Amino acid sequence: MEVSREQAWETLTRHTKSEALLRHALAVEAAVGWYARELGEDEELWRATALLHDFDYEMHPTLDKHPQDGAPILREEGYPEELVESVLSHAEHLSMPRDTKLKKTLFACDELAGFIHACGLVRPDGIETLEPKSVRKKLKQPSFAAGVHRDEVYRGAEELGLDLDEHIANVIQAMRPIAGRLGLRTAASA
Ligand SMILES: [Fe+2]
Ligand SMILES: [Fe+2]
């Protein structure tokens, strides 16, 4: 089966109603899709994987079920093993090897996209003028977006082989075109 972004969106929205979860999926998709294009990889597959990485979170909100109990559903819907394995590998508690570029990229973008989103929510122009320096500063404040695992942000960039500032700049750039859809203020809305 050829994987398409549209089909993944259809699967995601059938299982996910929460706007916050949909925004998270879209933010991670933007970042992972940006890297797919940058690296000349299969953008549809990478985008679909990112969209679906938390697709079962609404029905499986605990780590004894997410994402492992979602995997059989993805297989039933015909998604290829490469996508399913990559979805599984984003979960630290499953200790699966992140042995492909897609797995490394998904892991590196997951927590960081959420953190950048949180940074944008407290700025008058969202992420339009957000710079890596201020993201790094906020990463050092444990009370800010406390749910974001800092160690995973740092390790993600390391596993990608990228300097943290460079990775942050890439993810900000990737998310800017969809800032409005993510509920962030933009110059147009100011
Ligand atoms: Fe997850
Ligand atoms: Fe996630």
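Computed quantities for the displayed model
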read-out	value
Any hit, region 89-107, residues being more than 13 Å from ligand 1 (Cβ to nearest atom) and either open to solvent by less than 10 Å² (accessible area, probe 1.4 Å) or touching a strand residue (DSSP E or B) at 6+ places or on another chain (Cβ under 7 Å) (or both)	yes
Residues (under 22 Å from Leu22 (Cβ atoms) and touching a residue at least 40 places away in the same chain (Cβ under 8 Å)) located in region 83-113	Leu83, Leu102, Thr105, Leu106, Phe107, Ala108, Cys109, Asp110, Glu111, Leu112, Ala113
Residues (open to solvent by 50 Å² or more (accessible area, probe 1.4 Å) and either more than 10 Å from ligand 1 (Cβ to nearest atom) or at positive phi (or both)) located in region 47-60	Arg47, Glu58, Met59
Every residue from region 62-78 that is within 17 Å of Gly114 (Cβ to Cβ) and either more than 10 Å from ligand 1 (Cβ to nearest atom) or among the aliphatic types (A, V, I, L, M) (or both)	Leu63
Where a residue in region 8-29 is open to solvent by less than 10 Å² (accessible area, probe 1.4 Å) and its partner, wherever it lies, is of a type in the set (Ser, Thr, Tyr) and away from ligand 1 (no atom under 14 Å from the Cβ), with Cβ under 9 Å and at least six apart	Ala8/Tyr79; Thr11/Tyr79
In region 141-190, the residues that are of a type outside the set (Lys, Arg), part of a loop (DSSP other than H, G, I, E, B), within 17 Å of Ile127 (Cα to Cα) and at pLDDT 95 or above	Phe144, Ala145, Ala179, Gly180, Leu182, Gly183, Leu184
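The values are calculated or read from the model by the stated rules, or taken from the named source; none is laboratory data. Only a predicted model underlies this, so the values are computations on that prediction, with no experimental measurement involved. Positions of Cβ are generated from backbone atoms using ideal geometry, with glycine treated the same way; all protein chains shown enter the neighbour counts. Please note that ligands, DNA and RNA were not included when accessible areas were found on the heavy atoms of the full protein model with its side chains. Shrake-Rupley method; radii C 1.70, N 1.55, O 1.52, S 1.80 Å.
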